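First the structure, in the form of structure tokens, and then the observations on it.
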Amino acid sequence: MDDNKYDEQLGDMTEEDNSVPDIENNENTPDIEDNENTPEVEDDDYTPEVVDDDNTPDVEDETEEADAEDKDVTVDEPVLSGRKRKKKKRTGLILFLLVLILAAGGAVGYYMYLRTQPQEAVEEYLSAVQRLDFTTMEGMLQSNDLSALDDADLRNEAYTEFFKSINEKMTFKIIRNDFSLNNGTARITARIHYIDGTEIYKETVIEFLRQIASKALSGESPTQEDAQTQLASILCEKVKTTTPVYSETDILYPVIKTDDTWKIVSLDDATVKLMSANVKNIENEINQTLDGSAQNTSDDPAASGTDGSQTASIDMTTTNFQIRYTRHQTTNDYAGNPCLLVYYDYTNLSSVPSSAMVDVSLSAYQNDTVLSAAIPDTNDDALDHYMAEIQPGETVSVCQAFSLNDTSDVTLVAGEGLSFGGGATTSQVLKLQ
């Protein structure tokens, strides 16, 4: 029974299922296409239209723009060609100007190069002077003549060390270059800073004469070679111990082009002078001092006096010494020939020991002829005092002897023994009868 009820219920459910409305045919089911309440996609205000959207690229518009661009290029092509031609002209002009400027610069550079050549020649020459390189100096001279150096003993091997020590301290710089391209010449001016050896020479001569006098008193007689060696040794020592004094000079060097090189025309006196430290020849200075002829005669000799008298005086005072005439007399030398003895007081005013032989130069003249030194046959301490070393502040009587030619008046001329061509001089005339 229960089974029959279950079948009846199941049959009822099947019928009810068959009563489910058909979506397509049911009138109560809204039609999507016809329902007014259903928004149409095409008319929806919120749905952007792809066709009219500004942000969406239109393929058709892009094609039109590309066509327009092609048309524009075609229209402006003649204008662009003209601009290109102008640009090419400007580029050509700029290149031409650059080439012109480079050519001008090259010409100026070449001129400056040529201008420096004579200057470099002088610099090389003066560098050789510093090194005392005679071979290079000779090769830099058009004349190839260095004989002037021998007059100053610059090539004397005995003094090589001294002159090298002097010249290596020389400095120079070129201050002017007058260059002539057409003539192949130049005038180069160099400013040279060098050692003035005047004081060195003076101290050397004093020391040298003292040593010579000492040897002479002891009976020694040095040869010329020994004397040169001794003198050179003293020079080198004085260079080391003496504070150098510098001088400055401007020297103009004429330079000329020969073949492919520039050369100094010739060796000049100014260069020789600075190379020798301002003294032409030291041996000549020493010889003049020893001979008593380092100073000149008076242009206005004193007037004659009476027997045994004198006018004016050889009295003089310097920073190093003082002399005062005392008397004179005639006698004979060791060979029996007449000679003149001149006496004076000598005072050493310097701070170091010295002697009349070093400090004083006394000459005697008869009829404008210089009288030679004589050796009298008498013994006198005053004769020995001439070469004796006198202490600072000490005064001694000194006698110098001169050979006589006759009995005419004698003119005495006194001066500084180490004046090197300068210094004070005095004179007086002695009556012999």
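All of the numbers you see were taken from the coordinates with simple rules; none came from a lab. Predicted model only: the values in this text are computed from it and were never measured. Here the Cβ positions follow ideal geometry from the backbone for every residue, glycine too, while neighbour counts run over all protein chains shown.
Points to keep in mind about this one:
- Model label zone, residue 261; criterion: amide N under 18 Å from point 7 Å along Cα-to-beta-carbon; scope the stretch 142-166: 142-147
- Using θ = phi - 60° in the Karplus curve 6.51 cos²θ - 1.76 cosθ + 1.60, the 3J(HN,Hα) couplings for the stretch 236-246 round to 4, 5, 5, 4, 6, 9, 9, 5, x, 10, 9 Hz; x is entered for Gly and Pro.
- Given their separation in residues at 0.36 nm each and the Cα-Cα distance between them, residue 113 and residue 220 gain 32.2 nm when the chain is fully extended.
- Distances between placed amide hydrogens fall under 5 Å for residue 278 paired with 197, all partners being 5 or more residues away or on another chain.
- Ordered by the number of other Cβ atoms lying within 10 Å of each residue's own Cβ, fewest first, 399, 236 fall into the sequence 236, 399.
- In terms of distances greater than 20 angstrom between alpha carbons, the cross-link table entries 202/273; 169/273; 164/257; 202/240 yield 164/257.
- Approximate spin-label separation residue 123-residue 368, in nm, with each point projected 7 Å along Cα-to-Cβ: 5.5
- In terms of other Cβ atoms within 10 Å, 256, 264, 175 run from fewest to most in the order 175, 256, 264.
- Positive-end residue, the stretch 172-245 charge dipole about Cα centroid, Cβ charges, pick of 195, 244, 180: 180
- Rounded, prolate or oblate (a/c below 1.5 giving rounded, otherwise prolate when a/b exceeds b/c) for the stretch 142-192 by Cα gyration tensor: oblate
- Where only alpha carbons of the stretch 373-433 are counted, the Rg and the Dmax (Å): 14.2, 39
- Footprinting exposure proxy for 355, 313 (fewest neighbouring C-beta atoms within 10 Å first): 313, 355
- Note on residue 211 and residue 391: their simple-model spin labels are 2.5 nm apart, each label 7 Å out from Cα toward Cβ.
- Convex hull projection area averaged over all views, the stretch 105-234, Cα basis, nm²: 10.0
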